[in-house]
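Below: one structure in structure tokens.
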Amino acid sequence: LKIAIAVLLRHGVEVTIHRGHEQYVFYTQKADFRGKSFAFVRMKRRNSLLGRWTYSKLPFTTELGKHWELWMAFRELHSNTLDENGETFVPVVNSGYGTMYANSQPDAPQIECTDIVVEGAAYLDCWHDRARVFLPDGLKIRTDEEDVQVLDRASKYLYYRGLRVLDLKEEAQ
């Protein structure tokens, strides 16, 4: 989650987590460290909608996950949401520039529910392009090998257990 938050903030994507009545908003603040400027990740938190904000400097910068691309942060959040029997969705009414919700327990009472709200057009693009991050169902396997699955379509991505893990230099046939 830390890496995903750092990557999202580095790409200008807003991240807010709601856990019951608690709210966590992540943002960056520039500061110099050993003669170099970094975007330190910070968090503001409150216990209720009308509660007072408390501010924390987190022990990492947007350099964390430096080689991660935005689709990798999407993969992390969406796969963790699926692992928790949750759902990721774009609300019918949103801010107009890409609000997404990852709800870990959609049928749970609000106090037990965790919602991750991600806002940014670039992240929304990852959602629309999710068939390149997660293998779509119904693809035919061309071999009976246990160790390797070759699917019946060309791709420029390598998948492990249905998740995209690597971009190939050329499309594999």
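The values are calculated or read from the model by the stated rules, or taken from the named source; none is laboratory data. Everything quoted here is computed from the prediction, not taken from an experiment. Because the Cβ atoms are built from the backbone with ideal geometry, glycine has one as well, and the counts that use them run over all protein chains shown.
In this structure, is Arg132 among the basic types (Lys, Arg) and at pLDDT 85 or above?
Answer is yes for this residue.
While we're on this one: For the stretch 28-43, name all the residues that are surrounded by 15 or more Cβ atoms within 10 Å (Cβ to Cβ) and either polar (S, T, N, Q) or within 20 Å of the chain's Cα centre (by Cα) (or both).
Thr28, Ala39, Phe40, Val41, Arg42, Met43
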